[in-house]
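Only one structure is covered here, and it is reproduced in the block below.
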Amino acid sequence: MRRRELAPLVVGRTVTGVQWDWPRAFRYPEPERFVEGIRGREILAVERRAKWLVLSLSGDAALAIQVKMTGQLFVVTPETPRDRHVHVSFDLDDGRQLLLRDVRKFARVGLYRRDGFVHLDCGPARRW
């Protein structure tokens, strides 16, 4: 799903939870801290930065998603049958889910400061 298709579906929604089955999908931070850091944040905008899809979140945070070669994003209802290639799913406050599907497991997600240069948790500065 492209940025312009995704934006109307998720902007204004709040992330209420995250499920995953592939911990290596998380570039930064590790999955448990990622969930703590994203839960309760509102999606303010959907932008692109090079090959990353960047969802600006409330609280000066940004969810960065790199789908790489085979990754795909979908927004679905909870009744949608589970796909074994969905490795990260974000629960939204309206009951829908944002799914990251990747057959080859190349896709990555990260939670960063919105300025895009420093990790969210006061860790060491690092460009991505």
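Does any residue of region 72-84 turn out to be in contact with an Asp or Glu (Cβ under 6 Å, 6 or more places away or on another chain) and modelled with pLDDT of 90 or more?
Looking through region 72-84, none of the residues is in contact with an Asp or Glu (Cβ under 6 Å, 6 or more places away or on another chain) and modelled with pLDDT of 90 or more.
Which of the residues that make up region 37-69 are out of contact with any Lys or Arg (no Cβ under 6 Å at 6 or more places or on another chain), touching a residue at least 24 places away in the same chain (Cβ under 8 Å), over 16 Å from Val88 (Cβ atoms) and outside any strand (DSSP E or B)?
Gly40, Met69
Which of (1) free of Cβ contacts under 8 Å to residues at least 40 places away in the same chain; (2) assigned to a strand (DSSP E or B); (3) of a type in the set (Lys, Arg) is the odd one out, the single condition Arg82 does not satisfy?
Unmet condition: (2).
Have a look at Gly123, Gly95 and point out the one that is at pLDDT 95 or above and surrounded by fewer than 14 Cβ atoms within 10 Å (Cβ to Cβ).
Gly95
Could you please let me know if Phe90 is touching a strand residue (DSSP E or B) at 6+ places or on another chain (Cβ under 9 Å), among the aromatic types (Phe, Trp, Tyr), crowded, with 20+ Cβ neighbours inside 10 Å and under 15 Å from Leu9 (Cβ atoms)?
Yes, satisfied.
Residues Val118, Val103: which one is at pLDDT below 95, surrounded by 13 or more Cβ atoms within 10 Å (Cβ to Cβ), more than 15 Å from the chain's Cα centre (by Cα) and not polar (S, T, N, Q)?
Checking each option against the conditions leaves just Val118.
Out of the residues in region 18-36 meeting the condition of being within 11 Å of the chain's Cα centre (by Cα) and in a helix (DSSP H, G or I), tell me which one is surrounded by the fewest Cβ atoms within 10 Å (Cβ to Cβ).
It comes out as Val35.
Arg48 passes all but one of (1) at pLDDT below 95; (2) closer than 18 Å to Gln97 by Cα; (3) in contact with a helix residue (DSSP H, G or I) (Cβ under 7 Å, 6 or more places away or on another chain); which number fails?
(2)
The values are calculated or read from the model by the stated rules, or taken from the named source; none is laboratory data. In this text the structure is predicted, and so the values were computed from the model without any measurement. In this analysis, Cβ positions are derived from the backbone assuming ideal geometry, glycine residues included, and neighbour counts consider all displayed protein chains.
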